Amino acid sequence: MQNLGIAITGSGSAVPATSLHNQQLTQLVETSDEWITTRTGIRQRRLADPTDSLSGLATAAGLKAIASAGITPADLDLILLATSTPDDLFGSACKIQAQLGATKAVAFDLTAACSGFVFGLVTAAQYIRTGVYRHILLIGADILSRWVDWQDRRTCVLFGDGAGAVVLQANDSDRLLGFALKSDGTQNHYLNLAYQDTPQEIIPGVNVAQGTYQPITMNGKEVYRFAAQKVPEIIDKALFAANLTVDQIDWLLLHQANQRILDAVAQRLSVPEHKVISNLANYGNTSAASIPLALDEAVRQGKIKPNDIVATSGFGAGLTWGAAIFQWGR
Ligand code: UT7
């Protein structure tokens, strides 16, 4: 069959204007620039202010990706929004569809926390490979600053806000060379943004559980251990599926959670430092946005060039993790 391959033909990103440096966090919690920098590599992060919205950031990133792919919003068949922090629990993808004027596109949200972009990439690929859709906008966007406990120094120093997007198009040759996805709900309790209810008896004998979502809780040590072990394994699996060896990849593009995780994974896979893409010093952990944000920067800086082979991996809450090996461009 012809034209059932996928190509990633454009990228874009958008971040809020406000920066928060490590030093400023010392006004809030007992921490130091030195602790944050040495333990995580993060120096600053962008924070959404009350006038920003998830759909606004995502739309801005999406528009840039569409422009760089050389298509128009009217060409889109599907908009996939990977996020854990929609403006509306019913989903934010349709609002983005309206803001883009992508009248033909089906739009829905997909939640897989920090793995959302990789899970979204693989999901989008299935629609193209089956011939159902030909032009897909995949956006990874999160505003975790709205859900961290700003009194909890173990988590509030880690996260930032942003959005990144790519356009996937039907193509003669298939540029998604291999992938592998995994979930393990038995470790769900290590990273949560959990709903907590207060039982309410609405009429005698009938109880409902109304409440709100609680700030992020994380067992950092366990999540670190999980990432350092599982990410190299899943990249190996994806490389095997792609029939490639690790020395054939041009770039290692991991979810930007912690520089120490990036270094440990690269070391385990024997990927030299100059092939590791890292921008977390400037943005912190932006969850579903981190991979497309780093990808877009690397493309615009001229680092990632057409035909380069990129090994990417997302990991996080769920727990979920996944890897995809793709060749940039048509
Ligand atoms: O996106 C989803 C994926 N998430 C991740 O991948 C996160 C994975 N985990 C990590 O990146 C690391 O575990 C952290 C960066 C979260 C923490 O680094 P760590 O080296 O594992 O530190 P720790 O939790 O073992 O804490 C060491 C010490 C503790 O003090 P005690 O108990 O030794 O006295 C903490 O209380 O550092 C303390 N600490 C801090 N000190 C200053 C924790 N947070 C801070 C802080 N500033 N912000």
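Picking from Arg300, Arg225, which residue would you name as being within 16 Å of the ligand (Cβ to nearest atom) and of a type in the set (D, E, K, R)?
That would be Arg225, the only listed residue that is within 16 Å of the ligand (Cβ to nearest atom) and of a type in the set (D, E, K, R).
Of all residues in the stretch 200-212, count the ones that are open to solvent by less than 80 Å² (accessible area, probe 1.4 Å) and in contact (Cβ under 8 Å) with a residue 12 or more places away in the chain.
Residues flagged as open to solvent by less than 80 Å² (accessible area, probe 1.4 Å) and in contact (Cβ under 8 Å) with a residue 12 or more places away in the chain within the stretch 200-212 amount to 2.
Show me the strands (runs of 3 or more DSSP E) entirely contained within the stretch 1-100 in which 1 or more residues are β-branched (Val, Ile, Thr), open to solvent by less than 30 Å² (accessible area, probe 1.4 Å) and in the same structural domain as Arg153 (by TED's automatic domain parsing).
The strands (runs of 3 or more DSSP E) meeting that bar are 5-14, 78-82.
It is to be established whether one or more residues within the stretch 110-124 are outside the structural domain of Gly314 (by TED's automatic domain parsing), surrounded by fewer than 23 Cβ atoms within 10 Å (Cβ to Cβ) and in contact (Cβ under 8 Å) with a residue 60 or more places away in the chain.
Scanning the stretch 110-124, I find at least one residue that is outside the structural domain of Gly314 (by TED's automatic domain parsing), surrounded by fewer than 23 Cβ atoms within 10 Å (Cβ to Cβ) and in contact (Cβ under 8 Å) with a residue 60 or more places away in the chain, so the answer is yes.
Residue-by-condition table, conditions (1) open to solvent by 30 Å² or more (accessible area, probe 1.4 Å); (2) of a type in the set (Ser, Thr, Tyr):
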residue: Val166; (1), (2): no, no
residue: Leu177; (1), (2): yes, no
residue: Gly185; (1), (2): yes, no
residue: Asn192; (1), (2): yes, no
residue: Tyr195; (1), (2): yes, yes
residue: Thr198; (1), (2): yes, yes
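Return the pair list, or none, for Cβ contacts closer than 6 Å from residues in the stretch 46-59 that are closer than 13 Å to Leu81 by Cβ and in contact (Cβ under 8 Å) with a residue 12 or more places away in the chain to residues that are among the polar types (S, T, N, Q) and open to solvent by 30 Å² or more (accessible area, probe 1.4 Å), at least 6 apart or on different chains.
Partner pairs satisfying both residue conditions: Thr59/Gln99.
Residue check: is Asp109 assigned to a loop (DSSP other than H, G, I, E, B) and more than 12 Å from the chain's Cα centre (by Cα)?
In short, no.
Checking Leu137 against (1) open to solvent by 10 Å² or more (accessible area, probe 1.4 Å); (2) of a type in the set (A, V, I, L, M, F, W, C); (3) more than 16 Å from the ligand (Cβ to nearest atom): exactly one of these is not met. Which one?
Only one criterion in (1) open to solvent by 10 Å² or more (accessible area, probe 1.4 Å); (2) of a type in the set (A, V, I, L, M, F, W, C); (3) more than 16 Å from the ligand (Cβ to nearest atom) is unmet by Leu137, namely (1).
Mind listing whichever residues of the stretch 1-39 are within 12 Å of the ligand (Cβ to nearest atom), in contact with a Lys or Arg (Cβ under 8 Å, 6 or more places away or on another chain) and either among the polar types (S, T, N, Q) or closer than 30 Å to Phe326 by Cα (or both)?
Residues satisfying the conditions are Asn22, Thr31, Thr37.
Among the residues of the stretch 213-229, count how many are surrounded by fewer than 21 Cβ atoms within 10 Å (Cβ to Cβ) and not in a helix (DSSP H, G or I).
Adding up the residues that qualify gives 6.
The values are calculated or read from the model by the stated rules, or taken from the named source; none is laboratory data. Just so it is clear, the model here is predicted, and its values are computed rather than measured. Glycine also receives a Cβ, built like all others from the backbone with ideal geometry; neighbour counts cover every protein chain displayed. These accessible areas exclude ligands, DNA and RNA; they are computed on the full protein's heavy atoms, side chains included. Shrake-Rupley method; radii C 1.70, N 1.55, O 1.52, S 1.80 Å.
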